[in-house]
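The values are calculated or read from the model by the stated rules, or taken from the named source; none is laboratory data. Given the structure is predicted, the values throughout are model-derived calculations rather than measurements. No Cβ is skipped: glycine too gets one built from the backbone with ideal geometry, and neighbour counts run over all protein chains shown. Note: areas computed on protein heavy atoms with side chains; ligands, DNA, RNA excluded. Shrake-Rupley method; radii C 1.70, N 1.55, O 1.52, S 1.80 Å.
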Amino acid sequence: MWKRRIARGEDRGVNSVFTVDVEDYFQVEAFADVVSRERWDDYPLRVQENTRRLLDLLEERGINGTFFILGWVAERCPGLVREIVARGHEPACHSYWHRLVYRLSPREFRDDTRRAKDVIEQAAGRAVYGYRAPSYSLTTASLWALDVLAESGFTYDSSVFPIRHGVYGIPDAPRSPFRVTTASGPIVEYPITTFRMIGRTNLPVGGGGYLRLLPFWYTRLGVRRARTQHVPLIAYIHPWEIDPLQPRLSGRATSRLRHYTNLSRAYARLCTLLDLGTFSSFANCGLAAAAPDEDFLTRVSP
């Protein structure tokens with residue numbers, strides 16, 4: 001009965017956002033140690049076909065979402081960017097080279113981000129206001145990036161993941177959208193969805209590897225718990241995650257396990273996830289209006 005209530009949009013007044021990180025299978029951080037960026041052009045592109053499959057699904061469901069597009073992809077596939085916009089979705093930025101933010105200097109980050117923003121805007125024919133860091137790499141070591149984003153014309157970011165993880169995460173970050181004041185102006189942060197069971201430990205839910213690797217009862221439980229805790233569902237997927245026929249890359253056993261497990265089940269699970277709420281883009285979700293001001297930069301600084 002709970003599933004039917006959510007499917008009808010009775011989501012306790014908390015909006016849901018659907019997002020896509022538009023990157024290809026060889027660009028992920030899991031294989032960065034075996035696939036050099038200088039060789040990206042050597043790999044066959046599958047991002048166009050897989051993204052269009054997601055576009056078709058969203059059209060069937062009447063959903064408009066936010067597509068965080070890698071600048072490298074936008075430069076080589078401008079037609080795909082135009083199609084994303086033409087089919088009613090919001091274009092946003094996912095960096096140019098898909099490098100972890102905390103491994104860059106502020107100048108390197110600024111150059112990469114502005115290059116990506118410019119390429120995406122030229123292809124889309126409209127301004128880009130949203131950013132998501134590769135692998136959610138906005139951590140306490142790279143909070144300076146929020147100032148660079150505001151300086152570069154972004155009005156929101158969705159890179160903070162309030163969990164503990166070996167690559168990303170700020171576990172004590174606010175779990176719901178909030179506004180940050182930087183030296184270059186305000187910016188709204190949309191943290192990735194988490195839920196709590198017992199105590200104050202945040203558990204991840206809503207997409208990506210967590211959707212593929214964990215049983216769907218976990219996702220259903222997490223979405224329900226997040227809503228009772230007044231945390232909006234921000235769902236996310238990568239086009240390569242619905243492509244079980246993608247070329248297999250060499251790499252560490254853990255990387256291969258995380259990347260390739262349950263690729264054949266991801267599309268069906270995504271369809272079921274979309275039954276759990278009424279989704280929109282960040283541009284249309286209305287969550288920013290209620291985002292409180294947070295002294296985030298001081299509160300979580302290392």
Two-site FRET efficiency, SER184 against ARG37, from Cβ-Cβ distance with R₀ of 25 Å, rounded to 0.05
0.30
Figure the gain on full extension for ALA290 and GLU83 (residue separation times 0.36 nm, minus the Cα-Cα span) and round it to one decimal in nm.
71.4 nm
Where only protein heavy atoms count, and the probe is 1.4 Å, what is the accessible area per residue for the chain in Å²?
41 Å²
For segment 203-250, give the percent of accessible area contributed by carbon and sulfur heavy atoms, probe 1.4 Å, rounded to a whole number.
67 percent
May I have the extent of the alpha carbons of the chain along their three principal axes, as whole Å values ordered from largest to smallest?
49, 45, 40
How much of the accessible area of segment 55-182, probe 1.4 Å, is carbon plus sulfur, in whole percent?
46 percent
Length released on extending from GLU60 to TRP97, taking residue separation times 0.36 nm less the Cα-Cα span
10.1 nm
Kirkwood-based Rg/Rh on the Cα set of segment 31-189 evaluates to 0.96
Could you give the Stokes-Einstein D for segment 91-162 in µm² per second, using the C-alpha Kirkwood radius, 4 °C, 1.567 mPa s?
109 µm²/s
On the principal axes of its Cα set, how long, how wide and how thick is segment 260-302? Give whole Å, largest value first.
43, 30, 15
Given R₀ = 51 Å, FRET efficiency for ASP111-THR278 by Cβ-Cβ distance, to 0.05?
0.85
